[in-house]
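Read through the structure below, which is laid out as structure tokens, and then see the notes.
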Amino acid sequence: MAKIKRMAAAAILFAACGAAAPAPAPDYDIVIRGGRVLDGAGNPWIVADVAVKDGRIARIGVIPTRGAREIDARGRYVAPGFIDMLDQSGRLLRNDGSAINKLKMGVTTLIAGEGGTAVPAAEIDGYFKQLESNGIAVNFGTYYAAIQARTKVMGDSDGRPSEAQMRQMEGEVETAMRAGVFGISSALIYSPASFQSTADLTRLARIPGRCGGFYASHMRDESGKLLDAIDETIAIGEASGAKVEIFHIKAAYAPEWGKLMPRAIARIEAARARGVDVGANIYPYRAGGTGLDVTIPTHVFANGRAAAHAALRDPAVRARLKQELAAGPQPDWSNLVHAAGGWRNVVLSNGHDPAYAQFHGKDFEKIGKALGRDPADAAWDIWLAALPNRATALYFLMDDADIDLAMRQQWVGIGTDASAAAAARPDPAIGGLGHPRTNGTFPRILANYVRDRNILSLPDAIRKMTSWPAARLGLGDRGLLRPGMRADVVIFDLAKVNDRATYQDPDAMPEGIDEVIVNGVLALDQGKATGSRSGAVLRHQCDLG
């Protein structure tokens with residue numbers, strides 16, 4: 001009894017001294033309060049709290065207990081993190097894992113590799129480990145390019161591979177698939193990839209086809225021969241068993257705006273109806289952005305890049321090439337100058353040479369006039385002067401109505417076709433102009449296609465950015481807000497979302513996306529990067545026996 005009295009007295013004394021009992025530990029790492037929760041599956045939003053613990057969604061509903069970090073999301077939307085189905089960050093992330101422009105767009109997962117991996121097939125496993133060791137702010141997966149296998153075996157010139165060479169290429173693809181790439185890619189508008197035949201690509205695609213992998217393609221033509229290119233792409237998937245992903249679907253041919261896109265969609269719908277697993281991604285801009293080398297007919301590169309550089313310095317060669325440019329569509333080359341409606345619709349974005357910096361943002365009719373040169377000569381002079389860098393341009397090829405129609409298709413996801421931005425920005429006087437898709441793609445979908453023009457409903461737009469690509473990629477624990485899923489989360493204010501980036505100011509960062517969580521860790525907090533490196537390398541599991 002005496003002991004009990006002493007304990008009671010001590011408790012009274014403790015309380016009298018004003019000391020409080022220690023607060024219980026928080027139940028969750030993060031609790032997002034009162035947001036309009038979009039689950040990513042296309043369902044309407046609900047008002048709910050979302051709790052995050054140990055990198056996963058722990059609970060959704062009314063959450064009475066607290067988190068170590070509480071976020072007030074009232075009046076804002078809470079969605080799964082966005083998945084960029086056409087990223088170009090594979091090389092940059094090796095040295096700079098910040099990916100701030102991706103985070104500011106709400107992107108938590110990047111799928112790269114249109115041009116292949118940053119390293120040869122045998123080094124991919126080490127490359128992935130390097131990314132993990134250095135740390136990346138977002139999740140990252142990639143394709144391996146069929147042309148990587150070809151150039152290792154055959155170099156960069158034209159020609160048909162022998163049976164022995166094909167077997168070597170298959171070995172490279174098998175090595176890449178075992179390392180965890182999501183499939184093989186092709187970019188057939190560019191040489192030497194353009195020298196690959198349908199049969200060769202089908203044979204290589206059979207390897208990812210054996211384990212649920214992809215054949216992902218920047219098709220052979222997106223302009224006048226778009227339908228033929230779609231037929232080839234579908235045929236490769238159908239014969240190989242690989243899933244098909246069409247990169248940046250477009251009808252990039254001014255003479256047939258309003259006609260080609262409906263026909264292209266019909267071809268894809270017909271393939272899906274007979275069981276071909278084909279989908280596509282898109283960016284919401286009229287202009288494509290790529291190198292000035294695409295203004296040069298493909299046959300010039302038949303003997304390799306070095307020979308092409310020499311040929312372009314020959315006035316007689318140039319005279320013949322100008323005739324091909326003027327002739328319009330060619331059997332083995334996608335003539336983007338003709339497709340855009342002429343040089344007035346091709347704008348220099350980066351000449352990589354101070355001598356041409358004054359022409360950034362100007363079209364080639366104006367550049368040619370200023371230099372006293374034919375626009376083609378001006379373009380090829382700039383291209384040669386930039387070497388070994390790649391001079392780039394904006395090609396105004398698309399019509400808004402065609403983009404809207406493609407955007408509405410249920411099997412179309414979103415891709416930026418852009419890299420993460422480096423933390424250290426180049427001198428703008430020399431570094432040139434980029435494409436607004438680098439900083440604006442996903443916010444532009446929300447602002448322009450959902451809020452302002454009603455092209456998409458908000459639930460369907462979120463589905464395109466989240467659960468649809470996750471399901472295609474086989475990421476069973478991402479793309480949805482449900483208990484047990486990985487906690488990749490974005491919080492945005494639809495009324496305030498603004499992409500801001502323009503062709504004149506492509507580096508302007510978006511507004512309205514303030515918090516981004518990657519694998520349970522705040523990567524963007526009140527609009528500012530936290531410096532976290534919680535991203536993961538995503539590996540496709542491929543058992544080839």
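The values are calculated or read from the model by the stated rules, or taken from the named source; none is laboratory data. On a predicted model such as this, the values are computed, not experimentally measured, just so you know. All Cβ positions, glycine included, derive from the backbone under ideal geometry; neighbour counts span all protein chains shown. Heavy atoms of the whole protein, side chains included, go into the accessibility calculation; ligands, DNA and RNA do not. Shrake-Rupley method; radii C 1.70, N 1.55, O 1.52, S 1.80 Å.
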Checklist entry - Does the stretch 441-460 hold any residues that are open to solvent by less than 10 Å² (accessible area, probe 1.4 Å) and under 16 Å from the mean Cα position of the chain (by Cα), and which are they? => result THR441, PHE442, PRO443, ILE445
Item to check | Selected residue [modelled with pLDDT of 95 or more, under 26 Å from MET105 (Cα atoms) and surrounded by fewer than 21 Cβ atoms within 10 Å (Cβ to Cβ)] from ARG286, ARG263, ARG274 | outcome: ARG286
Item to check | Flag if GLY527 is among the small types (Gly, Ala, Ser), in contact with a strand residue (DSSP E or B) (Cβ under 7 Å, 6 or more places away or on another chain) and closer than 27 Å to PHE247 by Cα | outcome: no
Next on the checklist: Restricting to the stretch 142-154, name every residue that is touching a strand residue (DSSP E or B) at 6+ places or on another chain (Cβ under 8 Å) and either among the β-branched types (Val, Ile, Thr) or surrounded by fewer than 23 Cβ atoms within 10 Å (Cβ to Cβ) (or both).
Outcome noted: THR142, ILE147
Checklist entry - Residues of the stretch 269-314 being in contact (Cβ under 8 Å) with a residue 12 or more places away in the chain and at positive phi, which ones? => result GLY304
Checklist entry - Looking at the stretch 340-369, which of its residues are under 15 Å from ASP293 (Cα atoms) and part of a helix (DSSP H, G or I)? => result TRP343, PHE364
Item to check | Candidate set: the stretch 91-118, residues that are of a type outside the set (A, V, I, L, M, F, W, C) and part of a helix (DSSP H, G or I); chosen: the one most open to solvent (accessible area, probe 1.4 Å) | outcome: ARG94
Checklist entry - Counting residues that are of a type in the set (Val, Ile, Thr) and in contact with a helix residue (DSSP H, G or I) (Cβ under 6 Å, 6 or more places away or on another chain), which helices (runs of 4 or more DSSP H) fully inside the stretch 135-236 reach at least 3? => result 198-209
Checklist entry - Based on what the data block shows, is SER157 over 18 Å from GLN88 (Cα atoms), surrounded by fewer than 24 Cβ atoms within 10 Å (Cβ to Cβ), modelled with pLDDT under 95 and polar (S, T, N, Q)? => result yes
Checklist outcome for this item: By residue number, the members of the stretch 304-345 that are in contact with a helix residue (DSSP H, G or I) (Cβ under 8 Å, 6 or more places away or on another chain) and acidic (Asp, Glu) are ASP332
Checklist entry - Looking at (1) of a type in the set (Gly, Ala, Ser); (2) crowded, with 21+ Cβ neighbours inside 10 Å; (3) touching an Asp or Glu at 6+ places or on another chain (Cβ under 8 Å), which is the only condition GLY75 fails? => result (2)
